[in-house]
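For reference, the structure is listed below as structure tokens.
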Amino acid sequence: MKKFEIEVKLTVDLTLIKACIFDLDGVIVDTARYHFLAWKRLANELGIEFTETDNERLKGVSRIRSMEILMEIGGIALSEHDKEKLANKKNAWFVDYVERMMPEEIFPGVTALIHQLREQGIKVGLASSSKNAKTVIQLLHIQNEFEVVVDGNMITHSKPDPEIFLLAAKKLNVAPKDCLVFEDAEAGVEAALAAGMWCVGIGSPQQLSKAHKVVARTSDFAVKMLADFT
Ligand code: G6P
Ligand code: MG
């Protein structure tokens with residue numbers, strides 16, 4: 001335990017990172033799965049074939065942009081009214097899935113990681129393009145884990161635009177270059193880089209090749225790895 005304490009202390013002294021900003025869906029909890037299931041259900045209704053590979057393009061982007069990407073995949077055109085109606089339908093299914101979610105569905109080790117970061121004086125924020133982000137963190141009882149929460153209701157341009165991360169950094173009062181973002185979406189990695197931040201990709205190194213580092217699961221990240229970002 002002593003060794004661990006010394007190691008962590010040294011790491012924090014050696015790192016520039018002052019804040020960690022977490023994406024929600026697919027990083028803290030497997031809600032990315034529920035987004036996929038709801039989009040797939042809509043795609044089936046529209047007669048569009050929709051795979052997990054197609055779904056990668058929807059991760060991190062806004063609801064309406066996701067609807068447009070689905071239309072591109074299916075090669076269909078819709079009026080603004082129908083586009084919105086169908087995106088709302090998908091959202092009702094998504095909300096239905098998440099309302100049945102249990103706090104046990106938080107990825108193992110994630111709250112422990114957040115606690116370790118905060119114990120080391122690292123600020124922790126949440127930045128999700130989802131307009132449901134606050135509902136999700138309340139359902140999971142983790143709303144108090146974050147000093148700052150920025151969601152899809154607070155921004156004009158969703159990822160890959162850097163707006164959401166820049167707003168989170170501003171609210172945390174930390175310079176973008178001292179922030180480390182945790183992201184599972186290609187659009188999210190691009191947003192973090194465009195914001196001038198460090199980025200850890202959660203998932204496949206092929207998919208998230210632009211991230212500074214990639215780990216398979218959020219809990220594979222250890223506080224001592226902060227020293228890699230200097
Ligand atoms: C996150 C998810 C996306 C989702 C977006 C909007 O970024 O990764 O898959 O489309 O939020 O979510 P919302 O809950 O507002 O429809
Ligand atoms: Mg995500």
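The values are calculated or read from the model by the stated rules, or taken from the named source; none is laboratory data. Everything numeric here is computed off the predicted structure, so don't read it as measured data. All Cβ positions, even for glycine, are placed from backbone atoms using ideal geometry, and neighbour counts span all protein chains on display. Please note that ligands, DNA and RNA were not included when accessible areas were found on the heavy atoms of the full protein model with its side chains. Shrake-Rupley method; radii C 1.70, N 1.55, O 1.52, S 1.80 Å.
Taking into account only those residues within region 175-230 that are assigned to a strand (DSSP E or B) and not hydrophobic (A, V, I, L, M, F, W, C), which is most open to solvent (accessible area, probe 1.4 Å)? Before the answer, list the steps.
Our first condition is that a residue be assigned to a strand (DSSP E or B); within region 175-230, this holds for 179-183, 198-202, 213-215.
Retained after the next criterion (residues that are not hydrophobic (A, V, I, L, M, F, W, C)): 183, 201, 213.
Numbers: E183: 0, G201: 0, K213: 57 Å².
Checking each candidate, the answer is K213.
Could you list, in sequence order, all residues of region 120-148 that are part of a loop (DSSP other than H, G, I, E, B) and either more than 12 Å from ligand 1 (Cβ to nearest atom) or under 12 Å from the mean Cα position of the chain (by Cα) (or both)?
Matches in region 120-148: Q120, G121, I122, S128, S129, S130, L140, H141, I142, F146, E147.
Quick one: D96 ticks every box in (1) in a loop (DSSP other than H, G, I, E, B); (2) closer than 22 Å to L140 by Cα except a single one, so which number is it?
(1)
Could you tell me whether any residue of region 149-161 is more than 14 Å from ligand 2 (Cβ to nearest atom), touching a residue at least 60 places away in the same chain (Cβ under 8 Å), within 15 Å of the chain's Cα centre (by Cα) and open to solvent by less than 40 Å² (accessible area, probe 1.4 Å)?
no
How do the pairs read when you match residues in region 176-199 that are over 15 Å from R57 (Cβ atoms) and at pLDDT below 95 with residues anywhere that are more than 10 Å from ligand 2 (Cβ to nearest atom) and small (G, A, S), using Cβ under 7 Å and keeping only pairs 6 or more apart or on different chains?
The qualifying pairs do not exist here.
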